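Heads up, the thing below is written out as structure tokens.
Read-outs throughout are calculated quantities, based only on the coordinates presented, and are distinct from any laboratory measurement. None of the values given here were measured: they were computed from a predicted structure. When we count neighbours, we look across all protein chains shown, and the Cβ atoms used for this are built from the backbone with ideal geometry, even at glycine.
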Amino acid sequence: MNTQAIAIPRERARDLRGLWMAALAIALLLMQSLAAAARPDSFADLADTISPSVVNITTSTVVAQGTGPNPIVPEGSPLEDLFREFQDRNREDGEAPRPRRSSALGSGFVISEDGYIVTNNHVIESADEVVIEFFSGEELEAKVIGTDPKTDIALLKVGADKPLPFVSFGDSDTARVGDWVVAMGNPLGQGFSVSAGIVSARNRALSGTYDDYIQTDAAINRGNSGGPLFNMDGQVIGVNTAILSPNGGSIGIGFSMASNVVSKVVNQLKEFGETRRGWLGVRIQDVTPDMAEALGLETAAGALVTDVPPGPAREAGVQQGDVITSFDGREVTDTRGLVRQVGNTAVGKAVRMLVLRDGKTKTLKITLGRREDAERAVPAAQQMDEAAPVETEMLGMTLSPVNDELRDQLSLDANTEGLVVVDVIETSEAYEKGLRAGDVITEAGQQKMTAITDLQDGVDAAKEAGRKSLLLLVRRAGEPRFVALSLED
């Protein structure tokens, strides 16, 4: 009995070990399968599917013979005479230089079967003729439907006698750092070419107001401009636009404008032939930690209003010094985010905006204008006379009230009031934070200033409130910004 009773559990144990080893083997096979799925053995099937929608773009422009780049010839050298003789030989009887045709190459992709094509604005800018070469070798002339220099996007159209193969935009917000991507285009004029890499970073900003670039290490070179960046589903998540390189060639740092930006621009260009972005009508800057302390904010977030020119914001009651914390139901983290939110909102839409003012939250309703109309408006300047300045030293600066003489010297508007920075001590915090002679301080502690006593009142009020710093509104060449200076001795 005892022997049999002991033998049965051992057999069961062997069976359990066998089952466990089998399960482990299956799990390892599944992990290998998942790894293989994450790293494809080949991009050939994807390339076969999407290649027919990618196009090469050739542009030509007529330019004057003398407008192109000339050789750099040292003045007074024998080469100077030789170069002049060469120019003279290319003229007939003293006539002006003959025009010549200049060509450039780029890439693009078809987004509809009826022939709409997306590329970079800089690829077709100033072109007299735009020729599209398809993967099949067929060539068609294109017309420009519309351009947007701010995002460097252009929309073209060709007339085809049959439906064209096309690709769709994907959701660039779902792209993750490390995802595989494929770039296609016409690098260095070599024709259709495919390169693969990963998403290296997201939300990159280069120089534009509406920049939202995907950074990739997929090889991008000259001629790739305007070409698509695909995800593994064959969707366009970016338009290849720029590279960072010391030598002009790819070093694995390329930038593609995110598809969620591009698709909105393309829809507007297709409908209107131009962009129509929302306009709030404020000048803003990021809230720094010392500014947050000076304003009594818990966190350094939001967009600080530095100026409110005539426009939708002024009509809605927005004031200088307000901190915008929410726009149309979405939190505002910084100025870049707010600019993009406003620009992506429809012109004429009424939105609710939350601002912090004097430590309290206020809700404002604003009907957005159109940025393109606002950018065409030019404000007029006026003139005014005032008394002679009286200089005083405070906060590491020599200050003087604005008067007629200073307005003339600094080309200030007639309605400018405040304190002019005459000099700044180079070892002071004011100098460290960028204040310079010629700056005009118009507010202290969000109170307007016309005299030195106003600044002293602002300092005293901040100290009484327990503030460690004082927020100044500073204008330079008409452009406002806030600076927080420490009040500690």
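Of note:
- Pairwise label distance in nanometres, Glu372 with Glu141, each label 7 Å out on the Cα-Cβ vector: 2.6 nm
- Here the range 394-431 and the range 185-241 have alpha carbon centers that stand 47 Å from each other.
- Taking amide H as placed 1.01 Å from N in the peptide plane, Val55 has its amide H under 5 Å from the amide H of Gly108, Phe109, Val110, each at least 5 places away in sequence or on another chain.
- When you work out D = kT/(6 pi eta Rh) for the range 172-272 at 10 °C and 1.306 mPa s, using the Kirkwood radius from C-alpha pairs as Rh and the Stokes-Einstein form, the result is 118 µm²/s.
- Once the Cα-Cα distance is subtracted from the 0.36 nm per residue extended length, the Ser428 to Gln447 segment shows a gain of 4.5 nm.
- Among the listed pairs Lys143/Lys349; Lys143/Lys270; Lys162/Lys264; Lys150/Lys264, a Cα-Cα separation exceeding 21 Å is found for Lys143/Lys349; Lys162/Lys264.
- Close amide H pairs (under 5 Å, H built 1.01 Å from N) link Gly418 with Val402, residues at least 5 positions away or on another chain.
- Near Val332, once Lys and Arg are set to +1 and Asp and Glu to -1 for all other residues with Cβ below 11 Å from its Cβ, the sum equals -1.
- Counted residue by residue at 0.36 nm each, then reduced by the alpha carbon distance between them, the extension gain from Ala44 to Asn344 reaches 104.3 nm.
- 37 °C / 0.692 mPa s Stokes-Einstein diffusion coefficient of the range 392-486, Kirkwood radius on C-alpha pairs, µm²/s: 249 µm²/s
- Selection of GluC sites (Glu not before Pro), the range 290-333, meeting DSSP coil and at most 13 other Cβ within 10 Å: Glu298
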